[in-house]
1. Any residue in segment 116-131 that is of a type in the set (Asp, Glu) sitting within a Cβ distance under 9 Å of a residue that is surrounded by 14 or more Cβ atoms within 10 Å (Cβ to Cβ)? List the pairs, counting only those 6 or more apart or interchain.
2. Restricted to segment 114-129, and to residues that are under 25 Å from the mean Cα position of the chain (by Cα) and more than 25 Å from GLU52 (Cα to Cα), which residue is surrounded by the fewest Cβ atoms within 10 Å (Cβ to Cβ)?
3. Scanning for something modelled with pLDDT under 75 and in a strand (DSSP E or B), does segment 15-25 turn up at least one residue?
4. Conditions first: (1) at pLDDT 85 or above; (2) of a type outside the set (Val, Ile, Thr); (3) within 21 Å of GLY25 (Cβ to Cβ); (4) in a loop (DSSP other than H, G, I, E, B). ALA71 passes all but one, so which condition is the exception?
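The values are calculated or read from the model by the stated rules, or taken from the named source; none is laboratory data. Since the structure is predicted, the reported quantities are computational estimates derived from the model, not experimental observations. All Cβ positions, even for glycine, are placed from backbone atoms using ideal geometry, and neighbour counts span all protein chains on display.
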Amino acid sequence: MSNEQSREIEPRAKSELVTEDTRPGFVFRPDVDILERPDAYVIHADLPGVAEDAVDIHLDKGVLTLDARFAEEAGERRPVHVEYRAGGYHREFRISEDVDPTRVAAKMKDGVLELLLPKTAERQPRRITVEAA
């Protein structure tokens, strides 16, 4: 077996937010992927252990705020063994004027939050047809 095939998966540490806050417990900055499609931006945020009803998303004055509570904090489950510290999640994004704030949508599946930020009609690329003269 080659050296590459025998490598074990190494756990990645969550980065804790270092801000002054009045919330009890730890607050972590979730890892995200941000993708751009012709019609929208898509944000995938890793929120392990978070139920969809424990996520709060707000868009105000061009700032998208994501807050989530770990299931243990919400009183839903009591883990027997965990390999990372439990706590809440917080992340803020400055949203460009390209995004239509009235059509922002979110869904949660398997601990990953997907935020869909549709672009305004003026900002979407458009194909122009060339007509014969």
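1. Correct list of pairs: GLU122/ASP98.
2. Keep residues of segment 114-129 that are under 25 Å from the mean Cα position of the chain (by Cα), which gives 114-121, 123-124.
With more than 25 Å from GLU52 (Cα to Cα) added as a condition, the list becomes 120-121, 123-124.
Numbers: THR120: 14, ALA121: 9, ARG123: 14, GLN124: 14.
Going through the qualifying residues, I end up with ALA121.
3. First, pick out the residues of segment 15-25 that are modelled with pLDDT under 75: 15-25.
If we keep only those that are in a strand (DSSP E or B) too, we end up with 16.
Yes, there is a match, as at least one residue in segment 15-25 is modelled with pLDDT under 75 and in a strand (DSSP E or B).
4. ALA71 satisfies every listed condition except (1).
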